[in-house]
Amino acid sequence: MYKNILNLLPYKSSFRFVDHISSLDADGVVGEYTLRPDAFFYEDHFEGNPVTPGVIVTEIMAQIGLVVLGIFLLLHDNDINFGDDELMFPLLTSTDVSFYKMVLPGQRVVVKSQKQYFRFGKLKCYVEMLDENNELVAKGTFAGIIKNAGLKK
């Protein structure tokens with residue numbers, strides 16, 4: 001349903017942390033990601049007892065909660081006109097994240113984001129990550145801009 005948004009994400013292969021978008025509108029997004037047990041970051045974090053690094057948890061929250069929503073908002077902003085062959089790049093400008101639970105290999109997480117504001121090219125969101133039991137894993141505020149890079153695909 002939101003395949004066009006997924007196709008616009010600038011992340012590929014091992015660094016794309018969005019599997020599915022279940023809800024998306026001008027006020028927020030809900031998406032899911034299942035952590036692959038063979039992901040590159042588990043090999044040494046921690047040997048024999050893999051745990052998802054906090055920076056990866058933050059990246060999952062940013063990709064779903066800020067970048068997906070930001071691309072959607074840009075596509076629906078009549079004042080911005082990106083051509084189909086132009087590249088957009090997300091620029092995360094700030095985060096404030098609190099962690100409550102570990103995320104383990106193979107675990108599915110749900111990210112819920114609520115837009116706080118989108119003005120002057122800047123998007124700020126309140127983002128939560130929940131585990132399969134609907135328990136809070138992490139929450140925080142994310143801000144950033146998504147700009148046309150001036151480059152062609």
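Which of the GluC sites (Glu not before Pro) found in region 1-82 are loop residues per DSSP with 15 or fewer other Cβ atoms within 10 Å of their Cβ?
43, 47
Tell me, what is the FRET efficiency for residue 51 and residue 124 to the nearest 0.05, using R0 = 30 angstrom and their Cβ-Cβ distance as r? Between residue 51 and residue 124 the formula returns 0.55. Length gained on full extension, residue 96 to residue 116, computed as 0.36 nm times the residue gap minus the Cα-Cα distance: 5.8 nm.
Ordering 2, 117, 42 by the number of other Cβ atoms within 10 Å of each residue's own Cβ, fewest first, gives 117, 2, 42.
Read-outs throughout are calculated quantities, based only on the coordinates presented, and are distinct from any laboratory measurement. As the structure is a prediction and not an experimental result, all values here were calculated from the model. Cβ: placed from backbone, ideal geometry, glycine included. Neighbour counts: every protein chain shown.
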